[in-house]
Amino acid sequence: MSEKAKLSMQARRTFLGKLGLAATCTGAALGAGVLGAVQSATAKSETSASGAPSGTAAGDGKAASTAPGGSFPTPDYDWTKHQWAFGVDATKCIGCLRCVEACKRENHVPGNAHQFRTWVERYVHIEGDEQVHIDSQQDPVNIEASGSEREYRFANRYKDAKVEKAFFVPKLCNHCTHPACVQVCPTGATYRTKDGVVLIDHEYCIGCRYCVQACPYGARYFDEERGVSDKCTWCYHRITKGLDPACVEVCPVGARVFGDTRDKQSPISLFIRNNRVEVLRPESGNAPNVFYVGIDKEVN
C-alpha cells in the first residue's frame, strides 16, 4: 500500500474511532453530530459555485470542471439535459465475459476474481432437479477451471448433465432513483447526479462500508488498496463525452444497451418501449434504472 493510501486509511480510522467514542458517550449527541456532518457533506458534494459536485468523478480520476458557466464534468456537457438508463437482454448474452474484462481495464478494477464493477451469472435448470444452479466467475470451481484468478471463464461443469435451460445474466450497479447507498452514506461521498448516475466521491469516502452493506444488488466492493468503496459508474467519464460504457462497446451480441431516455429514439428508449422489461428487486423501493429482458423469477 502506498504512503498516501496509508495516511488516508489512518485518517479514516481516526474519524471512525471518534464516531465510536461519541456513540459510547452519548447517542443523542452522536445523532445530532452525524446529521449535521451529513447535511454539510451532502451540500458540499452536491454543488460548487458553478453548480457542479466538488471532488472527482468516480472512474475518471480527473478533477471536475468548475469553470464559470461550465457544466459538470466538462464545459461541453450539460447534465440537466440527459437521463441515462441501461438495458440487458439475457436472451442474447453468451457468457463470454468480454464485458467484465473491458470494465476492469477501463476502470482500473483490481485484477482478481473477487472484485468487479460488472459481472455475469449463469443460471442452469437441470432435468429432475428443482433447484436452479447459479454460478459466476467468482465461484471457486470457475476460478480453478480458468487456472488463474486473473482469468474469467465459466467451467464446463454441466457437460454430463441433462440441461433443460440455461442463460447468462449480466449484473452491475442499478443506479437507482432512490438509492439506499446514498441514504446510508455518513459523509455524502455517494451521491446521485442530475442525469441519473450514482457516483462516489473518493475524497469524501471514509471506508465505512455502509453503502456496501446497504446495496440490495451486491454491486459494491471495498478496495483494500485505496481504502474506499467502489462500483460501476456506467463509465461516467465516457458517456459524458458521447461514448458508450466500455462493457456496452465490447459486447459482441448486443446484449447490453445504453442511452438517454429523454431521447425517444435512443437505443435504451427503443429497448424499453419494444420489450416487456423488468427490474431486479422492485420490492426494495430503490427504483432501479437497469432494465432486463429474458430473466426468470430466480434472478434477483
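Under the condition of being of a type in the set (Phe, Trp, Tyr) and under 20 Å from the mean Cα position of the chain (by Cα), which residue from segment 129-188 is modelled with the lowest pLDDT?
Going residue by residue through segment 129-188, those that are of a type in the set (Phe, Trp, Tyr) are 152, 154, 158, 167-168.
Checking which are under 20 Å from the mean Cα position of the chain (by Cα) leaves us with 152, 168.
Numbers: Tyr152: 73, Phe168: 97.
Filtering first and then ranking leaves Tyr152.
Does segment 241-262 include one or more residues that are part of a loop (DSSP other than H, G, I, E, B), among the hydroxyl-bearing types (Ser, Thr, Tyr), modelled with pLDDT of 95 or more and crowded, with 20+ Cβ neighbours inside 10 Å?
Taking segment 241-262 and keeping what is part of a loop (DSSP other than H, G, I, E, B), we get 241-245, 251-255, 261-262.
When the remaining residues are screened for being among the hydroxyl-bearing types (Ser, Thr, Tyr), the result is 261.
This time we only want the ones that are modelled with pLDDT of 95 or more, so: 261.
This time we only want the ones that are crowded, with 20+ Cβ neighbours inside 10 Å, so: none.
Scanning segment 241-262 turns up no residue that is part of a loop (DSSP other than H, G, I, E, B), among the hydroxyl-bearing types (Ser, Thr, Tyr), modelled with pLDDT of 95 or more and crowded, with 20+ Cβ neighbours inside 10 Å.
Can you name every residue in segment 222-239 that is buried (at least 23 other Cβ atoms within 10 Å of the Cβ) and either modelled with pLDDT under 95 or not hydroxyl-bearing (Ser, Thr, Tyr) (or both)?
Correct list: Val228, Asp230, Lys231, Cys232, Trp234, Cys235.
Restricting attention to segment 195-221, report how many residues are more than 27 Å from Ser136 (Cα to Cα) and either among the aliphatic types (A, V, I, L, M) or modelled with pLDDT under 95 (or both).
Selection size over segment 195-221: 1.
Please work out which residue is modelled with the highest pLDDT, limiting yourself to segment 61-91 and to residues that are among the charged types (D, E, K, R) and surrounded by fewer than 18 Cβ atoms within 10 Å (Cβ to Cβ).
Looking only at segment 61-91, we keep the residues that are among the charged types (D, E, K, R), and these are 62, 76, 78, 81, 89.
Pick out the ones that are also surrounded by fewer than 18 Cβ atoms within 10 Å (Cβ to Cβ) and you get 62, 76, 78, 81.
On the way: Lys62: 35, Asp76: 83, Asp78: 91, Lys81: 94.
So, considering only residues that are among the charged types (D, E, K, R) and surrounded by fewer than 18 Cβ atoms within 10 Å (Cβ to Cβ), the one modelled with the highest pLDDT is Lys81.
Of the conditions (1) out of contact with any strand residue (DSSP E or B) (no Cβ under 9 Å at 6 or more places or on another chain); (2) under 17 Å from Phe86 (Cβ atoms), Gly227 satisfies every one except a single condition; which number is it?
Result: Gly227 passes all but (2).
Under 9 Å between Cβ atoms, at least 6 apart or on separate chains: pull out the pairs that start in segment 156-170 with a residue that is in contact (Cβ under 8 Å) with a residue 60 or more places away in the chain and end on any residue that is acidic (Asp, Glu) and surrounded by 15 or more Cβ atoms within 10 Å (Cβ to Cβ).
What qualifies is Phe168/Glu121; Val169/Glu121; Pro170/Glu121.
Which of the residues belonging to segment 114-138 are farther than 20 Å from Ala90 by Cα and either crowded, with 20+ Cβ neighbours inside 10 Å or of a type in the set (D, E, K, R) (or both)?
Glu127, Asp129, Glu130
I need a count of the residues in segment 223-240 that are in contact (Cβ under 8 Å) with a residue 60 or more places away in the chain, under 18 Å from His175 (Cα atoms) and assigned to a strand (DSSP E or B).
Of the residues in segment 223-240, 1 are in contact (Cβ under 8 Å) with a residue 60 or more places away in the chain, under 18 Å from His175 (Cα atoms) and assigned to a strand (DSSP E or B).
State all residues of segment 194-219 that are touching a strand residue (DSSP E or B) at 6+ places or on another chain (Cβ under 6 Å), surrounded by fewer than 23 Cβ atoms within 10 Å (Cβ to Cβ) and in a loop (DSSP other than H, G, I, E, B); if no residue qualifies, say none.
Answer for segment 194-219, where residues must be touching a strand residue (DSSP E or B) at 6+ places or on another chain (Cβ under 6 Å), surrounded by fewer than 23 Cβ atoms within 10 Å (Cβ to Cβ) and in a loop (DSSP other than H, G, I, E, B): Asp195, Gly196, His202, Gly207, Arg209.
The values are calculated or read from the model by the stated rules, or taken from the named source; none is laboratory data. Just so you know, these numbers come straight off a predicted model, no measurement behind them. Methodologically, a virtual Cβ is constructed for each residue, glycine included, from the backbone with ideal geometry; neighbour enumeration extends over all protein chains shown.
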